[in-house]
Amino acid sequence: MNIRFLETFLWVARLRNFSAAAERLNTTQAAVSNRIATLERELGVRLFDRDPRSVRLSPEGETALPRAEAIVRLAHELREHVGDGLGLRGTISIGTIDTVVYTWLPTLLNRLKARYPAVSVDLAVDTSLAVARQLAERQLDLALIVGPVQGPDLINIELLRLEYGWFAAPGLALPDRRCELVDVLAYPLIGYSKGSQPYHTMMRLLGAAGIDPESVRIFNTNSLATIIRLVVSGAGIALVPRAVVREPVAGGELRELVVNAAVGTLPIHAIYPERAHNPIPAAVAAMAAEVASEFGAATGLGPPG
(Lines give C-alpha, C1' and ligand atoms only; values in the text may rest on other atoms or scores of the structure.)
Protein backbone atom coordinates (compact mmCIF):
# COMPACT_ATOMS: atom_id res chain seq x y z
CA MET A 1 0.00 0.00 0.00
CA ASN A 2 1.40 3.38 -1.05
CA ILE A 3 2.14 5.66 1.93
CA ARG A 4 1.70 8.74 -0.23
CA PHE A 5 -1.83 7.60 -1.07
CA LEU A 6 -2.57 7.23 2.65
CA GLU A 7 -1.23 10.76 3.23
CA THR A 8 -3.56 11.99 0.48
CA PHE A 9 -6.47 10.25 2.22
CA LEU A 10 -5.60 12.03 5.48
CA TRP A 11 -5.43 15.45 3.82
CA VAL A 12 -8.77 15.00 2.06
CA ALA A 13 -10.29 13.82 5.35
CA ARG A 14 -8.93 16.88 7.11
CA LEU A 15 -9.79 19.51 4.49
CA ARG A 16 -13.02 17.93 3.22
CA ASN A 17 -12.10 19.07 -0.25
CA PHE A 18 -10.19 17.37 -3.09
CA SER A 19 -9.05 20.65 -4.62
CA ALA A 20 -7.72 21.99 -1.30
CA ALA A 21 -5.90 18.71 -0.64
CA ALA A 22 -4.34 18.86 -4.11
CA GLU A 23 -3.10 22.40 -3.46
CA ARG A 24 -1.70 21.39 -0.08
CA LEU A 25 0.09 18.41 -1.62
CA ASN A 26 1.34 20.42 -4.60
CA THR A 27 -0.38 18.16 -7.11
CA THR A 28 -3.54 18.13 -9.25
CA GLN A 29 -7.10 17.38 -8.25
CA ALA A 30 -7.11 14.54 -10.77
CA ALA A 31 -4.07 12.99 -9.08
CA VAL A 32 -5.78 13.21 -5.69
CA SER A 33 -8.94 11.59 -7.09
CA ASN A 34 -6.89 8.80 -8.66
CA ARG A 35 -5.03 8.10 -5.39
CA ILE A 36 -8.27 7.91 -3.41
CA ALA A 37 -9.88 5.69 -6.07
CA THR A 38 -6.86 3.36 -5.95
CA LEU A 39 -7.04 3.13 -2.16
CA GLU A 40 -10.75 2.39 -2.30
CA ARG A 41 -10.14 -0.41 -4.80
CA GLU A 42 -7.36 -1.89 -2.67
CA LEU A 43 -9.46 -1.78 0.49
CA GLY A 44 -12.70 -2.76 -1.19
CA VAL A 45 -14.65 0.05 0.51
CA ARG A 46 -15.80 3.58 -0.20
CA LEU A 47 -13.77 6.03 1.94
CA PHE A 48 -15.74 9.19 1.17
CA ASP A 49 -19.31 10.15 0.48
CA ARG A 50 -19.30 12.78 -2.24
CA ASP A 51 -21.90 15.23 -3.45
CA PRO A 52 -21.56 18.39 -5.59
CA ARG A 53 -21.02 20.59 -2.51
CA SER A 54 -19.00 18.54 -0.06
CA VAL A 55 -16.81 15.56 0.67
CA ARG A 56 -17.21 13.70 3.95
CA LEU A 57 -15.88 10.47 5.39
CA SER A 58 -18.03 7.40 4.91
CA PRO A 59 -18.53 5.06 7.89
CA GLU A 60 -15.74 2.90 6.47
CA GLY A 61 -13.58 6.00 6.07
CA GLU A 62 -14.15 6.92 9.73
CA THR A 63 -12.97 3.43 10.69
CA ALA A 64 -9.93 3.66 8.41
CA LEU A 65 -8.84 7.14 9.56
CA PRO A 66 -7.07 6.34 12.88
CA ARG A 67 -5.36 3.31 11.36
CA ALA A 68 -4.13 5.35 8.40
CA GLU A 69 -2.83 8.01 10.80
CA ALA A 70 -0.91 5.39 12.75
CA ILE A 71 0.64 3.87 9.59
CA VAL A 72 1.72 7.27 8.24
CA ARG A 73 3.13 8.31 11.62
CA LEU A 74 5.19 5.12 11.87
CA ALA A 75 6.44 5.58 8.31
CA HIS A 76 7.58 9.12 9.11
CA GLU A 77 9.25 7.97 12.32
CA LEU A 78 11.09 5.23 10.41
CA ARG A 79 12.33 7.72 7.82
CA GLU A 80 13.47 10.19 10.45
CA HIS A 81 15.22 7.79 12.81
CA VAL A 82 16.80 5.50 10.22
CA GLY A 83 17.57 8.25 7.72
CA ASP A 84 18.67 10.80 10.34
CA GLY A 85 16.00 13.22 9.13
CA LEU A 86 16.81 12.91 5.45
CA GLY A 87 13.65 10.90 4.85
CA LEU A 88 11.34 13.48 6.42
CA ARG A 89 9.67 15.22 3.51
CA GLY A 90 6.72 17.47 2.80
CA THR A 91 5.72 21.10 3.20
CA ILE A 92 5.15 23.00 6.43
CA SER A 93 3.19 26.26 6.60
CA ILE A 94 4.64 28.51 9.29
CA GLY A 95 3.09 31.73 10.53
CA THR A 96 5.21 34.13 12.54
CA ILE A 97 5.70 37.76 13.57
CA ASP A 98 8.23 40.49 12.77
CA THR A 99 9.89 40.09 16.17
CA VAL A 100 10.89 36.51 15.34
CA VAL A 101 11.93 37.48 11.80
CA TYR A 102 14.25 40.17 13.20
CA THR A 103 15.87 37.83 15.72
CA TRP A 104 16.32 34.07 15.22
CA LEU A 105 14.10 32.99 12.30
CA PRO A 106 16.96 33.03 9.72
CA THR A 107 18.95 30.62 11.91
CA LEU A 108 15.92 28.34 12.23
CA LEU A 109 15.35 28.24 8.47
CA ASN A 110 19.02 27.54 7.76
CA ARG A 111 19.08 24.72 10.29
CA LEU A 112 15.82 23.30 8.95
CA LYS A 113 17.28 23.23 5.44
CA ALA A 114 20.39 21.46 6.66
CA ARG A 115 18.67 18.88 8.86
CA TYR A 116 15.55 18.21 6.76
CA PRO A 117 16.49 19.08 3.16
CA ALA A 118 13.31 17.49 1.74
CA VAL A 119 11.01 19.71 3.82
CA SER A 120 9.77 22.89 2.12
CA VAL A 121 8.47 25.96 3.97
CA ASP A 122 5.54 28.25 3.24
CA LEU A 123 6.08 31.35 5.40
CA ALA A 124 3.50 33.95 6.41
CA VAL A 125 4.35 37.03 8.53
CA ASP A 126 1.53 38.86 10.30
CA THR A 127 0.38 39.91 13.76
CA SER A 128 0.10 37.29 16.50
CA LEU A 129 -3.70 37.65 16.45
CA ALA A 130 -3.91 37.08 12.70
CA VAL A 131 -1.52 34.12 12.80
CA ALA A 132 -3.44 32.54 15.70
CA ARG A 133 -6.66 32.86 13.72
CA GLN A 134 -5.09 31.19 10.68
CA LEU A 135 -3.79 28.40 12.91
CA ALA A 136 -7.28 27.86 14.36
CA GLU A 137 -8.68 27.68 10.83
CA ARG A 138 -5.99 25.07 9.98
CA GLN A 139 -4.43 27.27 7.31
CA LEU A 140 -1.09 26.89 9.10
CA ASP A 141 0.82 23.96 10.54
CA LEU A 142 2.94 25.90 13.04
CA ALA A 143 2.85 29.35 14.64
CA LEU A 144 5.84 31.17 16.16
CA ILE A 145 4.07 34.03 17.93
CA VAL A 146 3.25 35.67 21.23
CA GLY A 147 1.31 32.99 23.10
CA PRO A 148 -0.01 30.82 24.43
CA VAL A 149 -3.07 30.09 22.27
CA GLN A 150 -5.78 27.94 23.82
CA GLY A 151 -7.41 25.11 21.88
CA PRO A 152 -8.42 21.51 22.51
CA ASP A 153 -5.72 20.03 20.26
CA LEU A 154 -3.08 22.78 20.33
CA ILE A 155 0.41 22.11 21.67
CA ASN A 156 2.07 25.22 23.16
CA ILE A 157 5.82 25.33 23.76
CA GLU A 158 7.28 28.47 25.34
CA LEU A 159 10.51 29.22 23.47
CA LEU A 160 11.86 32.30 25.24
CA ARG A 161 10.87 35.60 26.80
CA LEU A 162 12.15 38.81 25.24
CA GLU A 163 12.62 41.83 27.49
CA TYR A 164 11.23 45.19 26.47
CA GLY A 165 13.03 48.50 26.51
CA TRP A 166 12.30 52.16 25.71
CA PHE A 167 14.32 53.40 22.73
CA ALA A 168 14.86 56.79 21.13
CA ALA A 169 17.19 58.50 18.70
CA PRO A 170 20.24 60.01 20.47
CA GLY A 171 19.36 63.48 19.23
CA LEU A 172 16.10 63.74 21.20
CA ALA A 173 16.23 65.99 24.26
CA LEU A 174 15.78 63.28 26.89
CA PRO A 175 17.67 62.88 30.16
CA ASP A 176 20.56 60.43 30.45
CA ARG A 177 19.49 59.69 34.01
CA ARG A 178 16.60 57.49 35.12
CA CYS A 179 13.38 59.29 34.21
CA GLU A 180 9.64 58.99 34.69
CA LEU A 181 7.15 57.86 32.07
CA VAL A 182 5.79 61.39 31.82
CA ASP A 183 9.23 62.55 30.60
CA VAL A 184 9.05 60.06 27.73
CA LEU A 185 5.63 61.36 26.74
CA ALA A 186 7.10 64.67 25.65
CA TYR A 187 7.42 62.84 22.33
CA PRO A 188 4.95 60.60 20.44
CA LEU A 189 4.94 56.89 21.22
CA ILE A 190 5.42 54.63 18.21
CA GLY A 191 4.00 51.21 18.86
CA TYR A 192 2.50 48.00 17.62
CA SER A 193 -1.02 47.73 16.22
CA LYS A 194 -4.04 47.94 18.50
CA GLY A 195 -5.01 44.60 19.97
CA SER A 196 -1.45 43.27 20.08
CA GLN A 197 0.18 42.26 23.37
CA PRO A 198 2.82 45.05 23.15
CA TYR A 199 -0.01 47.57 22.64
CA HIS A 200 -1.81 46.26 25.73
CA THR A 201 1.47 46.41 27.66
CA MET A 202 1.82 50.08 26.73
CA MET A 203 -1.78 50.79 27.77
CA ARG A 204 -1.19 49.01 31.09
CA LEU A 205 1.88 51.13 31.81
CA LEU A 206 0.02 54.34 31.05
CA GLY A 207 -2.84 53.30 33.32
CA ALA A 208 -0.49 52.34 36.16
CA ALA A 209 1.10 55.80 35.93
CA GLY A 210 -2.32 57.47 36.08
CA ILE A 211 -1.99 58.75 32.49
CA ASP A 212 -5.03 58.96 30.23
CA PRO A 213 -4.13 57.22 26.93
CA GLU A 214 -6.34 59.71 25.11
CA SER A 215 -3.93 62.47 26.12
CA VAL A 216 -0.93 60.68 24.58
CA ARG A 217 0.17 60.88 20.96
CA ILE A 218 0.49 57.29 19.78
CA PHE A 219 1.34 56.11 16.27
CA ASN A 220 0.34 52.46 15.75
CA THR A 221 1.57 50.14 13.01
CA ASN A 222 1.80 46.38 12.46
CA SER A 223 5.24 46.74 10.84
CA LEU A 224 8.28 46.44 13.07
CA ALA A 225 10.45 47.80 10.26
CA THR A 226 8.28 50.94 10.24
CA ILE A 227 8.54 51.31 14.02
CA ILE A 228 12.33 51.07 13.95
CA ARG A 229 12.64 53.42 10.97
CA LEU A 230 10.46 56.08 12.61
CA VAL A 231 12.31 55.90 15.93
CA VAL A 232 15.71 56.10 14.25
CA SER A 233 14.49 59.20 12.37
CA GLY A 234 13.58 60.88 15.66
CA ALA A 235 9.82 60.79 15.07
CA GLY A 236 9.11 59.39 18.52
CA ILE A 237 9.90 56.80 21.17
CA ALA A 238 9.24 53.05 20.98
CA LEU A 239 8.66 50.31 23.49
CA VAL A 240 10.09 47.20 21.77
CA PRO A 241 12.02 44.03 22.67
CA ARG A 242 15.71 44.79 23.07
CA ALA A 243 16.61 41.93 20.77
CA VAL A 244 15.02 43.53 17.69
CA VAL A 245 17.06 46.75 17.89
CA ARG A 246 20.50 45.31 18.63
CA GLU A 247 22.00 46.59 15.38
CA PRO A 248 20.74 50.21 15.50
CA VAL A 249 21.78 50.43 19.16
CA ALA A 250 25.25 49.03 18.40
CA GLY A 251 25.54 51.44 15.46
CA GLY A 252 24.64 54.46 17.60
CA GLU A 253 21.34 55.10 15.80
CA LEU A 254 19.31 54.41 18.95
CA ARG A 255 19.83 54.56 22.68
CA GLU A 256 17.90 52.88 25.45
CA LEU A 257 16.18 55.07 28.00
CA VAL A 258 16.06 54.13 31.69
CA VAL A 259 12.42 54.63 32.62
CA ASN A 260 10.65 54.00 35.92
CA ALA A 261 8.05 51.68 34.39
CA ALA A 262 7.92 47.92 34.96
CA VAL A 263 7.69 46.64 31.41
CA GLY A 264 7.81 42.84 31.66
CA THR A 265 8.59 40.38 28.90
CA LEU A 266 7.25 39.20 25.55
CA PRO A 267 6.63 35.41 25.63
CA ILE A 268 7.25 33.71 22.27
CA HIS A 269 5.66 30.29 21.75
CA ALA A 270 5.71 27.55 19.16
CA ILE A 271 2.13 26.36 18.68
CA TYR A 272 0.85 23.56 16.48
CA PRO A 273 -2.15 21.22 16.25
CA GLU A 274 -1.48 17.70 17.43
CA ARG A 275 -1.68 15.50 14.33
CA ALA A 276 -0.60 11.90 14.54
CA HIS A 277 -0.11 11.63 10.77
CA ASN A 278 2.19 14.62 10.36
CA PRO A 279 5.38 14.73 12.47
CA ILE A 280 6.88 17.75 10.69
CA PRO A 281 5.32 20.53 12.88
CA ALA A 282 6.48 18.85 16.09
CA ALA A 283 9.99 18.35 14.66
CA VAL A 284 10.25 21.99 13.57
CA ALA A 285 8.82 23.23 16.89
CA ALA A 286 11.51 21.27 18.73
CA MET A 287 14.12 22.80 16.45
CA ALA A 288 12.67 26.28 17.11
CA ALA A 289 13.03 25.67 20.86
CA GLU A 290 16.65 24.70 20.30
CA VAL A 291 17.42 27.78 18.16
CA ALA A 292 15.54 30.21 20.44
CA SER A 293 17.37 28.90 23.51
CA GLU A 294 20.71 29.41 21.77
CA PHE A 295 19.69 32.92 20.72
CA GLY A 296 18.67 33.84 24.26
CA ALA A 297 21.91 32.52 25.69
CA ALA A 298 24.02 34.29 23.07
CA THR A 299 22.37 37.72 23.37
CA GLY A 300 21.65 37.84 27.10
CA LEU A 301 19.79 41.10 26.58
CA GLY A 302 18.75 42.42 29.96
CA PRO A 303 18.00 45.87 31.40
CA PRO A 304 20.66 48.56 31.03
CA GLY A 305 23.00 49.07 33.91
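The values are calculated or read from the model by the stated rules, or taken from the named source; none is laboratory data. Just so it is clear, the structure is predicted and the values come from calculations on it, not from any experiment. Cβ atoms come from the backbone with ideal geometry, glycine included; neighbour counts cover every protein chain shown. Please note that ligands, DNA and RNA were not included when accessible areas were found on the heavy atoms of the full protein model with its side chains. Shrake-Rupley method; radii C 1.70, N 1.55, O 1.52, S 1.80 Å.
For this structure, a couple of remarks:
- Residue match in the range 161-171 (condition: in contact with a Phe, Trp or Tyr (Cβ under 8 Å, 6 or more places away or on another chain) and not in a strand (DSSP E or B)): no
- Counting only residues that are assigned to a loop (DSSP other than H, G, I, E, B) and within 21 Å of residue 128 (Cα to Cα), the range 172-191 holds 0 of them.
- Matching helices (runs of 4 or more DSSP H) fully within the range 192-266 where at least 3 residues are buried (at least 17 other Cβ atoms within 10 Å of the Cβ): 197-208, 224-232
- Of everything in the range 153-187 that is open to solvent by 40 Å² or more (accessible area, probe 1.4 Å) and at pLDDT below 85, the residue that is nearest to residue 241 (Cα to Cα) is 176.
- Filtered residue count, the range 96-116, keeping only those that are part of a loop (DSSP other than H, G, I, E, B) and either modelled with pLDDT under 90 or hydroxyl-bearing (Ser, Thr, Tyr) (or both): 3
- Only one of 93, 128 that is at pLDDT 90 or above and out of contact with any Asp or Glu (no Cβ under 8 Å at 6 or more places or on another chain): 128
- Members of the range 1-42 that are open to solvent by 40 Å² or more (accessible area, probe 1.4 Å), more than 25 Å from residue 279 (Cα to Cα) and hydrophobic (A, V, I, L, M, F, W, C): 30
- A count restricted to the range 113-131 and to residues that are open to solvent by 20 Å² or more (accessible area, probe 1.4 Å) and either closer than 21 Å to residue 225 by Cα or touching a residue at least 60 places away in the same chain (Cβ under 8 Å) (or both) stands at 8.
- Selection status of residue 209, under 23 Å from residue 243 (Cα atoms) and of a type in the set (Gly, Ala, Ser): no
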